[in-house]
Ligand code: 13P
């Protein structure tokens, strides 16, 4: 069965106190209002992982993700955070290849592959992000663009490794812009991604892979997006910073 996931990517927002209030508000709302089979993930900045992890460990309602991981195992890499460190504070998932990391930190396809390997070696599931910039969409090259991103990083994984991976399709023109992809645009890209994955790995694994949509998703459009056959949930930015909005998105399945 394909897992449904709603993950909140907090990006570089919140202080310690604010992070703890947000996560406990979300937890309380989930406890009172959500009884479904959705895996809910929060992705706080590094300094808050340990504290938030205390709330998520042994809690079926909430799961913990990190926003980044080093491709290196350990050693002289100032400012980096290893997969083993993440694991030791209860991190279960990690974002890899978010467009903001690709753009501002020049993370290339091989680095992203190594980051996934480093995470997998510690039993952490990568959430691999892909998505095209506006000029590729306007030139009608979005399928090739995203197909290439998958080929360049994901295709080098083994079938066993791929089983642990979640994909997030985030068209760059929809991130933080208020301009969401239509549910039709999301569906056709998700179906395309699944088809590409079925060529790289076995068909059943591709069928079972969770593919999230990200980019200006909110309580007003989540239901429509999640109603599509190949849209298995969302990776939520701005709307994940408000407990009410985020929980309403979780309830949109
Ligand atoms: P927004 O929901 O703010 O558009 O961000 C999407 C995103 O980048 C999630 O990773």
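Give the order of 72, 98 when sorted by the count of other beta carbons within 10 angstrom, beginning with the fewest. List each step's numbers first, then the result.
Working: 72 14, 98 28.
Least crowded to most crowded, the residues run 72, 98.
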Task: Where labels lie 7 Å past Cα in the beta-carbon direction, separation of residue 202 and residue 117 in nm - done: 2.4
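On full extension of the chain, what length is gained from residue 152 through residue 135, given 0.36 nm per residue of separation minus the C-alpha to C-alpha distance? Kindly include the intermediate steps, with their values, before the conclusion.
Details: separation 17, 0.36 × 17 = 6.12 nm, distance 2.03 nm.
Extra length available between residue 152 and residue 135 comes to 4.1 nm.
I'd like the Kirkwood hydrodynamic radius of the chain, using the inverse of the mean 1/r over distinct C-alpha pairs, in Å.
18.0
Order of 24, 35, 74, 183 from fewest to most other C-beta atoms within 10 Å? Provide the component values of the computation, followed by the final result.
On the way: 24 14, 35 8, 74 11, 183 18.
Fewest-to-most Cβ neighbours within 10 Å comes out as 35, 74, 24, 183.
Please pull out the direction-averaged projected area of segment 1-146, using the convex hull of its alpha-carbon atoms, in nm² to one decimal place. Don't skip to the answer; put the middle values down first.
Numbers: hull surface 42.2 nm².
Reported value for the Cα convex hull: 10.5 nm².
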Task: Semi-axis lengths, Å, segment 97-188, gyration tensor of Cα atoms, sqrt of 5 times eigenvalues - done: 24, 14, 13
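The numbers here are math on the coordinates, done by the rules we state, and not lab data. This is a predicted model, so every value here is computed, not measured. Here Cβ is always computed from backbone atoms with ideal geometry, including for glycine, and neighbour counts include all displayed protein chains.
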